[in-house]
Amino acid sequence: MFHIQALQSTNLPTPPSHQRRHLILAVSRPPPTSLSAPNKNPSIQSLCKKGQIKEAIHLLTHEQNPTQHTYELLIQSCADQNTISDAFSVHRSLINNGFNQDPFLATKLINMYSDLNSIHHARKVFDEITHRTIYVWNAIFRALSISGHGQDVFTLYRQMNEIGMPNDRFTYTYVLKACVVSESELSSLCYGKQIHAHILRHGYETHVHIMTTLVDMYAKFSCVDSSSLVFSSMPVKNLVSWSAMIACFSKNGRPLEALRLFHDMMLENENMLPNSVTMVSVLQACAAVSALEQGKLIHGYILRKGLDSILPVMSALITMYARCGELELGKNVFYQIDKGDVVSWNSLISCYGVHGLGSEALAVFQEMVRAGVLPSPISFVSVLGACSHLGLVEEGKSLFNSMVKEYKIRPAEEHYACMVDLLGRANRLDEAARFIADMRDEPGPKVWGALLGACRIHCNVELAERACKWLFELEPRNAGNYVLLADIYAEAKMWDEVKRVKMLLEARGLQKVPGCSWIEVNRKIYSLRSVDELNPQMEQIHALLVELSREMVEKSGYVPEAKVVLYDLEYEEKQRLVLGHSEKLAVAFGLINCRRGETIRISKNLRLCEDCHSFTKFVSKFVGREIIVRDVNRIHRFRDGECSCRDYW
DNA sequence: ACAAATGCCT
């Protein structure tokens, strides 16, 4: 028997060079056959099961003949206990006992290191094993995908095909995952499409797992129609497939289709009961369209099925109520939670955030810290947003510092963007620009976008141009940036520049995202767009708007603000275009169709424009109704000619 | 004998 003394190195299982010769000898020895029954070392086994990994390792050092099964248990235990130093001890011992070329254990080791977030060591195991079974290949694909090393997966996948190693059904799911997490977005979608072709060529087009992963892959690239095509082509769909497709619609700005699909699922499959994951996506769709009645029905279902003990469901409920304008209902859900996690706390913080209650959001953040819940990066995004809304520059700066110093959270681009927004909104644009210049990381599109947004508020043409120089480079296909710049030029009456930006937009084949508003009437949800010919009431809606507008100008002093339209058009023409904004259509639709006295609840996919804001204020007084509009950021509650945002949004 | 798909808070 070969005896190799235990290695001293603490972080690497690789032996020093003078021992390699022994190792090679060890390698050439066939792995010990497990003639010995597994219960030969019952104590290691039982210690592993109890999670006492340190004690198990101690016994291992005295064990004369550890078997493959012993190591399997030890490796699993290390992964469960999350102790990497113990993992190294086990790995070293395994090498010393001649198991380092055992593919079964290599698979286990790769998975273990992956679970311990140590992709480097997982890769080392893979590189050093010479006999790579399909399990070993799949394990490294899984590990690389989870750790975000998509490019490495593609490289290895190509190697695997070159040496003629056949893929199996597991390979495809991992490689598709790699596309989603990969570093460079565009090339990954190309890869995804290629893998899709491989999958069809190998006859997996009916495989539920693989097809569902494909649906999700396209969803993550916002290729909603591709997801939908794959989904429709599936001869067999299970709950996960349906949930993936519903989530795809919810996450990609098509909430109505998410809700429709959910209802189709329930109708077509009597025995397919939605689970908590399905419910979360459906709640997100309700939130997106402010479908309060639908949301309440779902809430009832959740209670009946006992899904109200599941934190993600509760967090989604809180958000749904808040985004529908029902702060109190959202709070109630939060206080029904037994023991919340950081996500449910974040939900409550953002609950106050969308209602523009910055001080309350800050207070909840402090309460969360006092309750001993560690704030997450997202907690800071929310709370910095609150500071920005309140104009609390110093408070925001100190929170940012404590995030880095106290909580050791490395600022992500979102956090930098929050700071730029904070400074920019407070009309400290120069300081914001200096903050960007002093950043430790390369400023990305979110940061420049925040600066551009602030420039719009304060009409700073020069700085806006500087931000756009970067933005047009970093995300040339984001139409929103062009529109914002054109808005700023229009505000400054620089019509030639407005035209120039418009032409640039067209030359690049881009269109601004069309405005869309949603409204729920009698538990049915309607969407309205300015170019909508489908709504049978469109003529009635237009007539009402013209009449309202005229009467409010005469009787209550409403002044239409046509400046929000980019083009250098005649005033009358601008008026006509502005009256066609989707939220005004929705207001009129609500006035026509909602019961008297009922609150009109509208949601919109973009930011509320100034004229619509002013118009809705006047309408609320003129017709004596409460109107709640949620735009991308926040709630506007219009009552008696006033808005809850106090004209600051 | 080993391995897979959907979701909460920005």
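Say the cut-off is 21 Å between C-alpha atoms; which of A:177/A:604; A:555/A:604; A:493/A:621; A:50/A:108; A:555/A:617 go over it?
On the way: A:177/A:604 32 Å; A:555/A:604 28 Å; A:493/A:621 32 Å; A:50/A:108 19 Å; A:555/A:617 14 Å.
Over 21 Å apart, Cα to Cα: A:177/A:604; A:555/A:604; A:493/A:621.
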- Sparse-neighbour loop sites [GluC sites (Glu not before Pro); region A:245-349; at most 13 other C-beta within 10 Å; DSSP]: A:270
- Message: Please report the antiparallel percentage of the DSSP beta bridges confined to chain A, to the nearest 5.
- Response: 80
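Would you work out if region A:388-523 is rounded, prolate or oblate? Take a ≥ b ≥ c from the square roots of the eigenvalues of the alpha-carbon gyration tensor; rounded if a/c is under 1.5, else prolate when a/b is larger than b/c, oblate otherwise. Please list the in-between numbers first.
Details: a/c = 1.87, a/b = 1.44, b/c = 1.30.
Prolate, because a/c is 1.5 or more and a/b exceeds b/c.
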- Hey, got the dipole for chain A? About the Cα centre, +1 on K and R Cβ, -1 on D and E Cβ, debye to the nearest 20? 1220
- Query: Amide H to amide H, which residues 5 or more places from residue A:602 or on other chains are under 5 Å from it, using H placed in the peptide plane?
  - Reply: A:628, A:629, A:630
- Message: Using only the alpha carbons of region A:117-208, what is the convex hull's orientation-averaged projected area in square nanometres?
- Response: 5.9
- From DSSP H assignment alone, runs of 4+ in chain A each adding -39500 (n - 2.57), the sum over residues rounded to the nearest 500 puts [θ] at 222 nm at -20000 deg cm²/dmol
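For chain A, what is Rg from Cα atoms divided by 2.2 N^0.38 Å, rounded to two decimals? Please list the in-between numbers first.
Working: Rg = 29.6 Å, N = 649, 2.2 N^0.38 = 25.8 Å.
The value comes to 1.15.
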- Query: With a 10 Å Cβ neighbour count serving as the proxy for reagent exposure, in which order, fewest first, do A:394, A:583 appear?
  - Reply: A:394, A:583
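Past 27 Å, Cα to Cα: identify those pairs from A:512/A:584; A:49/A:220; A:193/A:251, in the order given.
Values: A:512/A:584 19 Å; A:49/A:220 38 Å; A:193/A:251 21 Å.
In this structure, A:49/A:220 exceed 27 Å between Cα atoms.
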- Task: Quick one: which residues, 5+ away or cross-chain, put their amide H under 5 Å from the amide H of residue A:516? H built at 1.01 Å from N.
- Result: A:605, A:606
- Query: Using the Cα atoms of region A:357-450 to build a convex hull, what is its mean projected area in square nanometres?
  - Reply: 5.6
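Each reported figure results from applying straightforward, stated rules to the coordinates on display, with no laboratory input. Quick caveat: nothing in here was measured; it's all calculated off a predicted structure. Ideal geometry is used to build each Cβ from the backbone, glycine not excepted, and the neighbour counts take in all protein chains shown.
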